[in-house]
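Structure first, then comments.
The values are calculated or read from the model by the stated rules, or taken from the named source; none is laboratory data. Only a predicted model underlies this, so the values are computations on that prediction, with no experimental measurement involved. Positions of Cβ are backbone-derived with ideal geometry, glycine not excepted, and every protein chain shown enters the neighbour counts. Note: accessible area is taken over every heavy atom of the protein model, side chains too, but ligands, DNA and RNA are not part of it. Shrake-Rupley method; radii C 1.70, N 1.55, O 1.52, S 1.80 Å.
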Amino acid sequence: MVERFYVRVRENPIIGPVFLESLTESREIWGPHEAKIAGFWANAILYERSYDGNPMMVHSGISALKPEMFDVWLDLFADTLRQTLPEPTAAAWEALARRIGRGLRMGVETAQYDPTLPPKF
Ligand code: HEM
């Protein structure tokens, strides 16, 4: 599932460039990134102690990451779940991803908040 998702991320014109910029910069290529993400989900879903990073800190530090991009990421993730998993599993995993995504998006909005700009309604 994770491997298939990042194949589609690389092809996506909106979020693909953000990953390419960030991962290329950190010389981390895709394999280790996908392994880390698989560990993150194994930890979040199966309670395996397979991840101890800080996604909020990482995403707040990616200047090219715009809050509205989370909709693209989450919709692509949900679609890939349905391509690879039976419905009840896909729906449960999607709900968890959307909950985590809302939190990360708020963190990015806070990190990028500029009091000199007019508020967005
Ligand atoms: C538009 C939305 C998103 C973009 C563009 C994005 C981009 C990235 C990038 C570029 C990295 C790698 C940073 C690096 O290693 O230099 C990363 C790491 C990660 N992302 Fe995202 N992400 C998005 C949404 C999400 C969401 C919604 C989740 C979870 C539901 C998530 C989970 C993670 C995790 C667990 C890591 C590893 C953090 C670590 O290094 O420990 N991301 N993301």
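List of remarks:
- Every pair of residues 6+ apart whose Cβ atoms lie under 7 Å, when the first sits in the range 56-75 and is over 23 Å from residue 93 (Cβ atoms) while the second is open to solvent by less than 50 Å² (accessible area, probe 1.4 Å) and in a loop (DSSP other than H, G, I, E, B): none
- Test result for residue 44, of a type in the set (Gly, Ala, Ser), over 17 Å from residue 107 (Cα atoms) and open to solvent by 50 Å² or more (accessible area, probe 1.4 Å): no
- Pick from the range 101-120, criterion of a type in the set (Val, Ile, Thr) and open to solvent by 100 Å² or more (accessible area, probe 1.4 Å), ranking: nearest to residue 69 (Cα to Cα): 110
- Flag if residue 36 is among the basic types (Lys, Arg), within 9 Å of the ligand (Cβ to nearest atom) and assigned to a helix (DSSP H, G or I): yes
- Looking only at the range 39-56, residues that are within 22 Å of residue 14 (Cα to Cα) and within 8 Å of the ligand (Cβ to nearest atom) come to 1 in all.
- Any hit, the range 54-61, residues being assigned to a helix (DSSP H, G or I) and more than 11 Å from the chain's Cα centre (by Cα): yes
- Single residue of the range 65-84 satisfying the filter (more than 8 Å from the ligand (Cβ to nearest atom) and open to solvent by less than 50 Å² (accessible area, probe 1.4 Å)) that is nearest to residue 4 (Cα to Cα): 80
- Residue 43 under 23 Å from residue 3 (Cα atoms), of a type outside the set (Phe, Trp, Tyr) and touching a Ser or Thr at 6+ places or on another chain (Cβ under 8 Å): yes
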